[in-house]
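In what follows, a structure is listed as structure tokens, so that the remarks can point back to it.
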Amino acid sequence: MENYKNTDFDSCYLSCLPPIENSGRSFKKFFLLAILTCFTSLGFAQEKEISGNITDANGMPLVGVNVIVQYSTNGTQSDFDGNYSLTVTPGEVLLFSFIGFKEQERVIGTNNTINVTMEEDLASLDEVVITGYGKQSRAKLTTSIATMDTRILETSTRSNAATALQGTIPGLRVTNNTGQPGATPNIVLRGGTGFDGSGSPLILIDGVPGSFYALNSDDIASIEVLKDAAATAIYGARAANGVVLVTTKTGQPGKATITYKQKYSINYERETPEYLDAGNFIKYNRQAVLYYNEATGRNNFDAGFLNGALAFGTGGNTTDSPYTSQY
């Protein structure tokens, strides 16, 4: 036995050997039991407690930093002074993580103290952007939202996309102020109480203020209407009459496709009735009175009747007479 080195493992091995006179089967059992016992005792002997301090780039202590052994549930958090302590085994990897900072890794070696300086993660900070004119998910909005079904735009040809809102959004009134083809109608939401007196809601096209003028219906992906006063918390006083959010179509990843669609519409000018001139107006009115006199035996053609400011007379003027034959 003199050739064996004086190590803990060898001494454990020698002390656990059974007597020479034991049988071969008993020898194997005792040998395996001794090996397992020695490795177990060695494993427990390697555990140790490490500690350290966690700070940011300015040297300020960080509170609540997660310190976890990789691939395990063994972990802790830093206290108010940024200190931590944890029982670990050499060779394991410690993970240091905190919101807004990059994750740090440290391999446990012979040192019992591991201090860590956390680095800010600028990429993760840029992910939180609050803007009134950007995209918002429906779950994050507190305002009442009404969505128009885009299939309405596909059902018929429209000279202006705003006419598709008529009769599809509750509380929204769409009226045409002129018969000009392609003219943008007037949109009023919830009765209209705008600061400028128009009562028109704020229209945002892909987050940019705009209007429905010359907006192609085929380019619209969705239209949402924010109807209540909560929209002013995001868009300010201009949203006092609500907000109409228009999102246009964008390119999609995948195979390139080309779609061609042609639609046309014909708008006719409204025909107005032809009015009588002043002379025929008096002529036919007096003729009607003449027929009335013949039927009833009366005579209404006196001087005041013919020369007065009446529908049958010539005494009207251009300032305050409801009927006049003068220019």
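Tabulated data
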read-out: From Phe281, Phe312, Phe305, Phe301, residue being surrounded by 14 or more Cβ atoms within 10 Å (Cβ to Cβ) and part of a loop (DSSP other than H, G, I, E, B); value: Phe312
read-out: Per-region count, segment 199-239, residues assigned to a loop (DSSP other than H, G, I, E, B) and crowded, with 20+ Cβ neighbours inside 10 Å; value: 3
read-out: Any chance Asp320 is modelled with pLDDT under 75, outside the structural domain of Gln166 (by TED's automatic domain parsing) and surrounded by fewer than 15 Cβ atoms within 10 Å (Cβ to Cβ); value: yes
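The values are calculated or read from the model by the stated rules, or taken from the named source; none is laboratory data. The structure presented is a predicted model; accordingly, all values stated were derived computationally and were not measured. Cβ atoms come from the backbone with ideal geometry, glycine included; neighbour counts cover every protein chain shown.
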